[in-house]
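Have a look at this one.
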Amino acid sequence: MEMMNGKEYIESLRKYRPRIYFMGKRIDSVADDPILAPHVNAAAMTYELAHDPRYAEIMTATSHLTGEKINRFTHIHQSTDDLVKKVRMMRLLGRKTGSCFQRCVGLDAINALYITTYDVDQKYGTDYHERVKEYIRYVQKNDLMVAGAMTDVKGDRSLRPHQQADPDLYLRVVERRGDGIVVRGAKAHITGVANSHEIIALPTRAMGEEDKDYAVAFAVPVDAEGVTMIFGRQTNDLRRLDGDIDCGNAKYATVGGEALVVFDDVFVPWERVFMCGEYDFTSELVETFATFHRQNYGGCKVGVADVLIGASACIAEYNGVEGASHIVDKLTEMIHMAETCWCCSLACSYEGFKTPSGAYMPNLLLANVTKLNITRLPYEWSRLSQDLAGGFVITTPSELDYRNPETREMVEKYLKGRAEIPTEHRLRMFRLIENLSIGAELPESMHGAGSPAAQKIMIWRRSNIDMKKEEAKRIAGIKRDEDFERVRGNQK
Amino acid sequence: MKVLIRYCGGCNPEYLREKVEEILRKNFHSFEFFHSGSKTGADLVVLINGCRKNCLNEEFVRSVCFDSDVGEKDIVERVKRVLSRKN
């Protein structure tokens, strides 16, 4: 099968009948639902741009399994160049949608499974790696969108999975059968799952022997029997039903459209089971997935920042203050922070390495630094954007009042900025800034791909503090400096 | 047995690279270790990278590559394994 384009992707969703609830009702058709529509549109761009010669160089790749041209979102990275192209693709799509395009989680899941299952098989003689390869061939051939489901609901955070009062608070195997396994539990914050074709579930943390039943990874279609999704609310989500101004980004919404996914005794055939009880590899799988996912954030979030910086520059023009030195200074600060995050994503990709499986992964330390910066700097660039835009970001009249003949002229007259700029442009830009700097975007920057504490643990583990101490002692004159002595002799 | 030891540039090593050489010298007294000169004159090439980026990744007939903090036993075994391999 050829790579799908955007329209074909949306049509392909009609073949699936996932059980999804939102605001107390079941969603009939993912392809047609107005609440899901902007998330579907954002994901559709991952398909559409792959067919555009202006973007195909980074949006497509050659499968190492089949030799076919594929969408890069289904690719197993074969070089550091692939890792770099991945983050370039993230920035491009962040900029094109001003939102989350959701498809990276599945990409990171297949790559993490590819690497870890190889290592599991080396130790245990299992055949998980071949199963993963076969599954990836299926995903590539059909150009599927795969949601990655990692975060368990976790219950009491002080307790390990097997210690929870309710054993289902981490996803687990409840039955092993000749033809497969049965799983029960739930995964939270699952990006893009409502409009995906497949779900890959991964363990959320390192497990011990007593958590063996929780050491499970597998793939199922989104409409597998027993899978229920409860779509999450977002700030201002119902504005998208009121027109196309008030939600700020009517076409692509904000962040990914996350859902709680419940697995209520879901059967998974063995060929789709990629880990089952190998608890000693859960740490590697989680760490590998997290590294891939944290690599992304200096790409996608910086692409979104491109849009926010552009919106901020526009509103400064519309307000007639674009030449003020403090405005230029704020915009420059925003650019500096965004490009700093971009540097991090590029660096961890260029410093990537080949794993025993043959696939490449980013530098772990630098990928975590990337994401830790994203837990901070978007707050600061959003603050600057709100600062230079002014109070109308949160007090602009609604689109309904702008459309109402009784109030339209008043809104037109008194919301006017520079004379030659239509008032509607100013309203739209205020709403876009509101969307990007106030809504779900910021908590997503904080917690997506793991909260700051998780990154700090990895940074501390990977930063070779002993080497730094030794260098300090040498410079301070506490330890010998042999290089110096060769040049100047021992001066003690 | 002539052993060429090559280090990566050491920009930001994740472990003490020099420890690998120390362990080799301690465990293989009869070997002659050197840091420069022709690779062809070496019976074994030891590549010591500071991280998994593996900036040194050339392959020789007999070479062993280190890129992370592994224990003494592992270092010695890996060298012995390479040496026992027939050319």
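The values are calculated or read from the model by the stated rules, or taken from the named source; none is laboratory data. It should be emphasised that the depicted structure is a prediction, and the values quoted were computed from it without experimental measurement. For neighbour counting, all protein chains shown are included, and Cβ atoms are generated from backbone atoms with ideal geometry for every residue, glycine included. When the accessible area is computed, the model is the full protein with side chains, heavy atoms only, and any ligands, DNA or RNA have been set aside. Shrake-Rupley method; radii C 1.70, N 1.55, O 1.52, S 1.80 Å.
What total accessible surface area, summed over both chains, is buried at the interface between chains A and B, computed with a 1.4 Å probe and given in Å² to the nearest 100? Mind showing how you got there, number by number?
On the way: alone 21170 and 5530 Å², together 25880 Å².
Looking at A and B, the buried total is near 800 Å².
On alpha carbon coordinates alone, what is the Rg over Rh value for the stretch A:62-147, Rh being the Kirkwood radius?
Working: Rg = 13.8 Å, Rh = 13.7 Å.
Checking Rg against Rh, the ratio lands at 1.00.
Using the C-alpha gyration tensor of the stretch A:108-181, what are the square roots of 5 times its eigenvalues, in whole angstrom, with the largest one first? Numbers along the way, then the final one.
Working: eigenvalues 149, 56, 36 Å².
Semi-axes from the Cα gyration tensor: 27, 17, 13 Å.
Quickly rank B:44-55, A:175-186, A:409-420 as a protection proxy: mean count of other C-beta atoms within 10 Å, highest first. Each step should come with its number before you reach the end.
Numbers: B:44-55: 20.8, A:175-186: 16.2, A:409-420: 12.3.
Descending packing order for the listed peptides: B:44-55, A:175-186, A:409-420.
For chain A, what does the helix formula give at 222 nm: sum of -39500 (n - 2.57) over DSSP H segments with n ≥ 4, over the residue count, nearest 500 deg cm²/dmol? Walk me through the intermediate numbers first.
On the way: 18 runs with 236 residues, N = 492.
Calculated from helices alone, the mean residue ellipticity at 222 nm is -15000 deg cm²/dmol.
State, as an integer percentage, the relative contact order of the stretch B:2-84 based on alpha-carbon contacts under 8 Å between residues 6 or more apart.
On the way: 131 pairs, mean separation 30.6, N = 83.
Answer for the stretch B:2-84 is 37 percent.
Using just the alpha carbons, could you tell me how many Å³ per residue the convex hull of the stretch B:2-84 encloses? Show your work: numbers first, answer last.
On the way: hull volume 7.2 nm³, N = 83.
In the stretch B:2-84, the Cα convex hull volume per residue is 86 Å³.
Any chance you could give the angle, 0 to 90 degrees and rounded to 10, that helix B:72-84 forms with the longest Cα principal axis of chain B?
Taking the Cα atoms of chain B, the angle to B:72-84 is about 40 degrees.
Would you work out the relative contact order for the stretch A:1-55, in percent, from Cα pairs under 8 angstrom that are 6 or more residues apart?
Values: 39 pairs, mean separation 26.0, N = 55.
Value for the stretch A:1-55: 47 percent.
If you don't mind, another one. Relative to a virtual label point 7 Å from the Cα of B:VAL70 in the Cα→beta-carbon direction, which members of the stretch B:1-17 show backbone nitrogen distances below 18 Å?
Residues B:4-8, B:14-17 fall inside that zone.
Arranged from highest to lowest average of other beta-carbon atoms within 10 Å per residue, in what order do the peptides A:231-240, A:211-220 appear?
Details: A:231-240: 18.2, A:211-220: 24.3.
Per-residue Cβ counts within 10 Å, averaged per peptide and sorted highest first, yield A:211-220, A:231-240.
What percentages, rounded to whole numbers, describe P(r) for the stretch A:285-466 computed over all alpha carbon pairs with 5 Å bin width beginning at zero?
Taking every Cα pair in the stretch A:285-466, the percentages come to 1, 8, 15, 16, 14, 11, 10, 8, 6, 5, 3, 2, 1, 0, 0.
Another question about this same structure. What is the mean number of Cβ atoms from other protein chains located within 10 Å of the Cβ atom of each residue in peptide B:43-53, rounded to a whole number? Don't skip to the answer; put the middle values down first.
Values: counts 0, 0, 0, 0, 0, 0, 1, 2, 7, 8, 7.
The shielding value for this peptide is 2.
Could you please report the charge total around A:PHE392, scoring K, R as +1 and D, E as -1 over all other residues with beta-carbon less than 15 angstrom from its beta-carbon? Present the calculation step by step, with values, prior to reporting the outcome.
Values: positive: A:LYS413, A:LYS416, A:ARG418, A:ARG426, A:ARG428, A:ARG431; negative: A:ASP246, A:GLU317, A:ASP387, A:GLU399, A:ASP401, A:GLU412, A:GLU424, A:GLU434.
Here the charged neighbours net out to -2.
Considering the dipole of the stretch A:326-481 built from charges on the beta carbon (Lys and Arg +1, Asp and Glu -1) around the Cα centre, which of A:ALA367, A:PRO378, A:THR355 is farthest to its positive end?
A:THR355
How would you order A:7-15, B:70-78 from highest to lowest mean count of nearby Cβ atoms within 10 Å?
Details: A:7-15: 16.0, B:70-78: 13.6.
Averaged packing, sorted descending, gives the order A:7-15, B:70-78.
Restricting things to Cα coordinates, could you compute the convex hull volume per residue of the stretch A:161-229 in Å³? Don't jump to the answer; show the numbers that get you there.
Values: hull volume 6.8 nm³, N = 69.
Per-residue hull volume (Cα only) is 98 Å³.
So what does log10 I(q)/I(0) come out to for the stretch A:3-131 at q = 0.13 Å⁻¹, using the Debye formula with one equal point on every Cα and no solvent?
Ignoring solvent entirely, the Cα scatterers give -0.65.
Which helices count as membrane-span-like in chain A under these terms: full DSSP H, at least 30 Å along the axis by C-alpha, Kyte-Doolittle mean of -1.0 or more?
A:282-319, A:325-350
What percent of all Cα-Cα pairs in the stretch A:216-375 falls in each 10 Å bin, counting up from 0?
Distribution as computed: 9, 22, 28, 26, 11, 4, 0 percent.
Hey, how many Å between the Cα centroid of the stretch A:111-182 and the Cα centroid of the stretch A:344-403?
Result: 28 Å between the Cα centres.
I've got another one for you. For chain B, take the longest principal axis of its alpha carbons; what is the angle in degrees between that and the long axis of helix B:18-27, to the nearest 10 within 0 to 90?
30 degrees
I would also like to ask the following. When the Cα centres of the stretch A:299-319 and the stretch A:31-99 are compared, how far apart do they sit, in Å?
22 Å
Ok, one more. Apply the Debye scattering formula to the stretch A:123-263, with a single equal point scatterer on each alpha-carbon and no solvent, then give log10 I(q)/I(0) at q = 0.20 Å⁻¹.
So the normalised log intensities work out to -1.25.
Over the protein assembly as shown, what portion of Cα pair distances is larger than 36 Å, expressed as a whole percent? Write down the numbers at each step before the final one.
On the way: 72335 of 167331 pairs.
Value for the protein assembly as shown: 43 percent of Cα pairs lie more than 36 Å apart.
Next question, about the same structure. Evaluate peptide A:356-364: per residue, the Cβ atoms of other protein chains within 10 Å of its Cβ; return the mean as an integer. Provide the component values of the computation, followed by the final result.
Numbers: counts 0, 0, 0, 0, 0, 1, 0, 5, 3.
Rounded to a whole number, the mean comes out at 1.
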